[in-house]
1. Only one of these conditions is not met by residue 208: (1) over 20 Å from residue 83 (Cα atoms); (2) over 16 Å from the mean Cα position of the chain (by Cα); (3) at pLDDT 95 or above. Which number is it?
2. Residue 169 fails exactly one of the following numbered conditions: (1) within 13 Å of the ligand (Cβ to nearest atom); (2) at positive phi; (3) surrounded by fewer than 24 Cβ atoms within 10 Å (Cβ to Cβ). What is the number of that condition?
3. So which of 214, 227 ends up being in a strand (DSSP E or B), in contact with a strand residue (DSSP E or B) (Cβ under 6 Å, 6 or more places away or on another chain), touching a residue at least 24 places away in the same chain (Cβ under 8 Å) and more than 16 Å from the ligand (Cβ to nearest atom)?
4. Within segment 131-166, count every residue that is in a helix (DSSP H, G or I) and surrounded by 13 or more Cβ atoms within 10 Å (Cβ to Cβ).
5. Filter segment 172-185 for residues that are part of a strand (DSSP E or B) and more than 13 Å from the ligand (Cβ to nearest atom); which is surrounded by the fewest Cβ atoms within 10 Å (Cβ to Cβ)?
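The values are calculated or read from the model by the stated rules, or taken from the named source; none is laboratory data. The model shown is predicted, which means the values in this text are computed figures rather than measured ones. Don't worry about glycine lacking a Cβ; one is built from the backbone with ideal geometry, like all the others, and counts go over all protein chains shown.
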Ligand SMILES: O=C(O)[C@H]1NCC[C@@H]1O
């Protein structure tokens, strides 16, 4: 999309099944890659800098480029903050569960995978989705969320089921499964989710400004993240996170709308995919 803010070269919108979110980490990597690899915006090798406008604010892109391809894209994300820390909620079929909530460009309830008995392997996907949807529902009812600068964003979008942090070669690292309504799991480590997790770790004194965090998804993809700085969000402490990864173009699509189409706005059904795809 053309940008509204003159400081950005381009803007984009994010279409999740349930919402059109303020920001998305994986989507910003994909958008930057399409803009540069396809020549919509000029690529400068070895590094191209861009400013893109997400609905929730401007993000700065630093793309490492070689032979006409963006090989690594780093995104300096919007201010991210912890909201409610170590709060107990009652979840249907699970019972009492201790969670954190945070914003990382989108709003999250973060639950401990170990406490829920998950090892975050791909064969748990269907159970993770069922559990994550219940936790999101309970967190919205019992904790809620409102963005201080954008009161219209007043719900928790995603449940991040997060493994404990371990240190791999000295870098804080954790696997997660981010459950997206109405019933899927992020194939990426979730850039907004890693930003929200870093805000919580920072709030708990477990990750400092300048330190790295590697987020790993359920399919093994990784984002290399860092707390770049701190700022103030309407009187509450916030961090400026960055995340870096790679995207690949998988196709070119044309969306058409025939004037006689009786469902011009599409339609929604509950998920009809079988639980067992093998
Ligand atoms: O990386 C992210 O932030 C996202 N991936 C899909 C859902 C989130 O928007």
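1. Of the numbered conditions (1) over 20 Å from residue 83 (Cα atoms); (2) over 16 Å from the mean Cα position of the chain (by Cα); (3) at pLDDT 95 or above, the odd one out for residue 208 is (1).
2. (1)
3. 227
4. 11
5. Applying the filter and picking the extreme gives 173.
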